[in-house]
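These notes are about the structure you will find just below.
The values are calculated or read from the model by the stated rules, or taken from the named source; none is laboratory data. What you see is a predicted model; the values in this text were computed from it and never measured. Here the Cβ positions follow ideal geometry from the backbone for every residue, glycine too, while neighbour counts run over all protein chains shown.
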């Protein structure tokens, strides 16, 4: 865990601490039930799906809570995991799936986790993803719950109680009484506890992103037909003969396809009303340019004249996109730009946004794609794909890391805070 990010509240926020022998035993019991080896750690933290950054480091495997990308698992130790972030999602729907699961079984989860952990098999009904088209087979997911022998014990205790209270002389049956006492001593009174979670199907799988096959975006049920976007360009070449359009990130027609599907927009009027957003984009470009020339540059403490002096020293090394953005800012100030078609392709790409009227999950999915098309889009990367941000952050020089932290602290608001506020309002209006 990066200390700078943690101290700034940009990593580790929302993790649940597991630091008592009882909780560690419950976590290890869940790992065992899922067919995974126990952790030897005496203290660690877990996110909303039960994934631990410390155990990932211990095992040297960020995919440790799974049997491969197509076989994700989860562990719930506390109701407090609801609305918590998921730091290493396998798919873009992970957070939504867990949110729906908590919402549907909130009372049961609260009851079970007073004495046990809950292990979840997030079953996509495939052993592995062998080809891109395998992802199209995933239309729903079954979540299967395991929580030691509590469910069986509750069923057994109820049966014993029914026999004991039945008409006749069962109350005098010593063996029956012994079994009832033994069950009560081990589990307490289970007759009125809610401890059963049936298999549950999650069906909101229209469009999604999966880590499978080095990263694949699946877009379905949209204008213009279904299509996929792959991060590994070689996969697109291998699947040219398929009935579905498959685009590598570098395909020049991808933006047109996203626009045809109604997923993206470039609203110049909005940018004119929010010039600070363009200034932030220019700042992101500038730190990339200057830190590439001088990795140790203390960007945060440069004055505007010093920034200009640094830029001037680069001469012809300044990329055209930076100058195009400068001109656009001035032209918007003077109300000169009227047409999107006047912009260069690179500038159009820089200004892309997910359409604001998209459903939240689709908006974030498109944001994830934009973050891959535009590496310097700091805020949308952190909002939509923190794991991608952390990966890029690790490769940045210290000065750029400090700039990123300062920028995010200024502009970013944790989603879990928004979700808590929303949930609180819903409870008040129910």
(request) Scan region 257-270 for residues that are out of contact with any strand residue (DSSP E or B) (no Cβ under 9 Å at 6 or more places or on another chain) and at pLDDT 90 or above and jot them down. (result) 260, 262
(request) Return the residue satisfying two criteria in turn: it lies in region 99-121 and is under 21 Å from the mean Cα position of the chain (by Cα) and outside any helix (DSSP H, G or I), and of such residues it is surrounded by the fewest Cβ atoms within 10 Å (Cβ to Cβ). (result) 121
(request) Sort out which residues of region 354-363 are outside any loop (DSSP other than H, G, I, E, B), surrounded by fewer than 18 Cβ atoms within 10 Å (Cβ to Cβ) and in contact (Cβ under 8 Å) with a residue 40 or more places away in the chain, and write them in order of number. (result) 361
(request) Could you grab me the full set of residues in region 302-330 that are exposed (fewer than 11 other Cβ atoms within 10 Å of the Cβ) and either farther than 17 Å from residue 279 by Cα or outside the structural domain of residue 271 (by TED's automatic domain parsing) (or both)? (result) 312, 315, 316, 317
(request) Six or more apart or on different chains, Cβ under 6 Å: which pairs go from a residue in region 118-135 that's touching a residue at least 60 places away in the same chain (Cβ under 8 Å) to one that's part of a loop (DSSP other than H, G, I, E, B) and surrounded by 13 or more Cβ atoms within 10 Å (Cβ to Cβ)? Could you list them? (result) 119/34; 128/68; 128/70; 129/70; 132/239
(message) I'm trying to understand the selection: among the residues of region 376-399, which are assigned to a loop (DSSP other than H, G, I, E, B) and either touching a helix residue (DSSP H, G or I) at 6+ places or on another chain (Cβ under 7 Å) or touching a residue at least 24 places away in the same chain (Cβ under 8 Å) (or both)?
(response) 376, 377, 385, 396, 397
(request) Return the only residue of 278, 285, 314 being touching a residue at least 60 places away in the same chain (Cβ under 8 Å) and assigned to a helix (DSSP H, G or I). (result) 285
(message) Restricting to region 1-41, name every residue that is at positive phi and in contact with a strand residue (DSSP E or B) (Cβ under 8 Å, 6 or more places away or on another chain).
(response) 12
(message) Going residue by residue through region 331-340, is there one that turns out to be closer than 30 Å to residue 229 by Cα, crowded, with 19+ Cβ neighbours inside 10 Å and in contact with a helix residue (DSSP H, G or I) (Cβ under 7 Å, 6 or more places away or on another chain)?
(response) no
(request) Go through the residues of region 194-217 one by one and say whether even a single one is buried (at least 17 other Cβ atoms within 10 Å of the Cβ), at pLDDT below 85 and not in a helix (DSSP H, G or I). (result) yes
(message) Out of everything in region 292-301 that is in contact (Cβ under 8 Å) with a residue 40 or more places away in the chain and part of a helix (DSSP H, G or I), what residue ends up being surrounded by the fewest Cβ atoms within 10 Å (Cβ to Cβ)?
(response) 300
(request) Among the residues of region 341-350, write down those that are part of a helix (DSSP H, G or I), without any contact (Cβ under 8 Å) to a residue 60 or more places away in the chain and surrounded by 11 or more Cβ atoms within 10 Å (Cβ to Cβ). (result) 342, 346, 347
(message) The conditions are (1) more than 21 Å from residue 269 (Cβ to Cβ); (2) without any contact (Cβ under 8 Å) to a residue 40 or more places away in the chain; (3) within 37 Å of the chain's Cα centre (by Cα), and residue 324 fails exactly one of them. Which is it?
(response) (1)
